[in-house]
Amino acid sequence: MAALAASAVAVPLLRHRQSRLVGAAAALLVVGAAAGLYPLWSNWNWHDTAQNPAAGPDVAAMVAKLETHLREDPNDVTGWLMLGRSYVALERMDDAIVAYDHAHRLDAGSAEAALGLGEAMSLRAGGNITPEAAKLFEQALAIEPASPKALLYGGFAAAARGDVNLARTRWLALKEMHPPAQIEQLLDARIAELGPAATGSAAVGTAAAGTAVGAAVAGTSSEQAASDVEVSVNIRIAPAMKARLTREAPLFVFAREPGGKGPPLAAKRLTSAAIGTQIHLSAADSMIPGRSLKKGSRVSITARVSFSGQPLPAAGDLYGELTYDVGQDGTRDLLIDRVAD
């Protein structure tokens with residue numbers, strides 16, 4: 001049960017000594033909202049129980065057994081943590097919050113409980129770091145300063161409140177742990193988004209992290225320019241379409257070349273709770289390194305509410321599209337006003 005939330009990605013990494021410290025962070029980046037782009041856009045059907053053990057009947061039976069155990073022994077902290085991880089893997093975020101909250105109340109000194117609760121809150125909020133989640137990430141860092149997952153989320157929390165120096169420091173500290181290449185690429189993209197470090201200053205680990213790190217990793221001039229390019233849209237929904245939205249569902253926002261096929265240039269997986277907010281796509285959301293949004297290009301932006309949970313079009317999905325000139329258009333209104341046939 002403990003392996004449900006991370007086994008698909010973390011186990012292969014944990015087999016290598018170099019990657020043990022970052023196994024949890026790797027699993028989080030792939031399964032979580034921000035970096036789960038490969039499974040979302042590949043040909044693998046992650047919602048097919050024959051292919052995805054996390055949704056199979058055996059797993060469901062194990063979760064039910066664990067739920068029964070916790071009703072009989074509600075003070076089992078380890079059990080609540082296992083249940084929280086399982087619910088996250090099954091994308092049952094409301095249940096995950098309840099499970100992690102139980103664990104956190106039973107053991108306020110558990111970094112895993114604080115991280116899990118903050119992660120579930122953020123995923124339920126469409127990938128946004130809520131103020132309450134940010135406090136939990138800071139709490140986890142105070143408990144376990146060298147936790148890769150705490151450094152990752154602590155960086156997001158710092159960036160969300162505008163403390164770019166602290167965000168950079170935490171992500172550089174995580175890079176010092178030598179994560180796998182795909183994780184390092186994601187960190188580089190996030191660090192580049194923060195802008196250049198102050199001239200003449202060295203990035204130093206916080207007292208919480210207790211880690212001194214070198215100067216910020218600098219990309220090539222072209223990579224830096226690409227990191228500054230973004231598209232910005234306000235997601236709206238037509239009244240007639242809103243009436244069809246009877247429950248929260250995955251929301252995919254992506255940019256691709258007009259008429260292009262294959263992976264988009266940039267993509268985000270959110271939930272329909274993000275309708276009514278402003279969404280940004282940038283190099284940090286690119287699917288393939290070196291292939292991202294470029295200034296002066298024209299792209300098609302799509303917002304799709306997927307009732308099937310998959311990004312590929314399906315009958316009954318709600319969607320909207322617009323053409324966007326990168327580097328020229330400012331924030332545009334993207335209206336979800338159509339139903340897929």
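The values are calculated or read from the model by the stated rules, or taken from the named source; none is laboratory data. Only a predicted model underlies this, so the values are computations on that prediction, with no experimental measurement involved. As a convention, Cβ positions derive from the backbone with ideal geometry for all residues, glycine included, and neighbour counts pool all protein chains shown. In case anyone asks, the SASA skips ligands and DNA or RNA and just uses the protein heavy atoms, side chains included. Shrake-Rupley method; radii C 1.70, N 1.55, O 1.52, S 1.80 Å.
Got at least one residue in the stretch 159-178 being under 27 Å from Gln278 (Cα atoms), touching a residue at least 40 places away in the same chain (Cβ under 8 Å) and within 13 Å of the chain's Cα centre (by Cα)? Looking through the stretch 159-178, none of the residues is under 27 Å from Gln278 (Cα atoms), touching a residue at least 40 places away in the same chain (Cβ under 8 Å) and within 13 Å of the chain's Cα centre (by Cα). Look through the stretch 50-73, keep the residues that are surrounded by 15 or more Cβ atoms within 10 Å (Cβ to Cβ) and either of a type in the set (Lys, Arg) or over 15 Å from Ala99 (Cα atoms) (or both), and return whichever of them is modelled with the lowest pLDDT. My answer is Asn52. Within the stretch 124-145, can one find any residue that is in contact with a Phe, Trp or Tyr (Cβ under 7 Å, 6 or more places away or on another chain), within 21 Å of Ile191 (Cβ to Cβ) and open to solvent by 30 Å² or more (accessible area, probe 1.4 Å)? Yes, the stretch 124-145 contains at least one residue that is in contact with a Phe, Trp or Tyr (Cβ under 7 Å, 6 or more places away or on another chain), within 21 Å of Ile191 (Cβ to Cβ) and open to solvent by 30 Å² or more (accessible area, probe 1.4 Å). Could you tell me whether Ala142 is touching a residue at least 40 places away in the same chain (Cβ under 8 Å), touching a helix residue (DSSP H, G or I) at 6+ places or on another chain (Cβ under 6 Å) and of a type in the set (Gly, Ala, Ser)? Considered against the rule, which asks whether it is touching a residue at least 40 places away in the same chain (Cβ under 8 Å), touching a helix residue (DSSP H, G or I) at 6+ places or on another chain (Cβ under 6 Å) and of a type in the set (Gly, Ala, Ser), Ala142 comes out as no. When residues in the stretch 306-337 are screened for being without any contact (Cβ under 8 Å) to a residue 60 or more places away in the chain, open to solvent by 50 Å² or more (accessible area, probe 1.4 Å) and more than 17 Å from Ala267 (Cα to Cα), 3 of them pass. Of all residues in the stretch 85-109, those that are β-branched (Val, Ile, Thr), without any contact (Cβ under 8 Å) to a residue 24 or more places away in the chain and over 18 Å from Asp73 (Cα atoms) total 0.
Only a single criterion out of (1) surrounded by fewer than 24 Cβ atoms within 10 Å (Cβ to Cβ); (2) aliphatic (A, V, I, L, M); (3) closer than 20 Å to Ala64 by Cβ; (4) free of Cβ contacts under 8 Å to residues at least 60 places away in the same chain is not satisfied by Met82, namely (4). Taking the listed residues Val98, Val77, the one that is modelled with pLDDT of 90 or more and open to solvent by 50 Å² or more (accessible area, probe 1.4 Å) is Val98, with no other qualifying.
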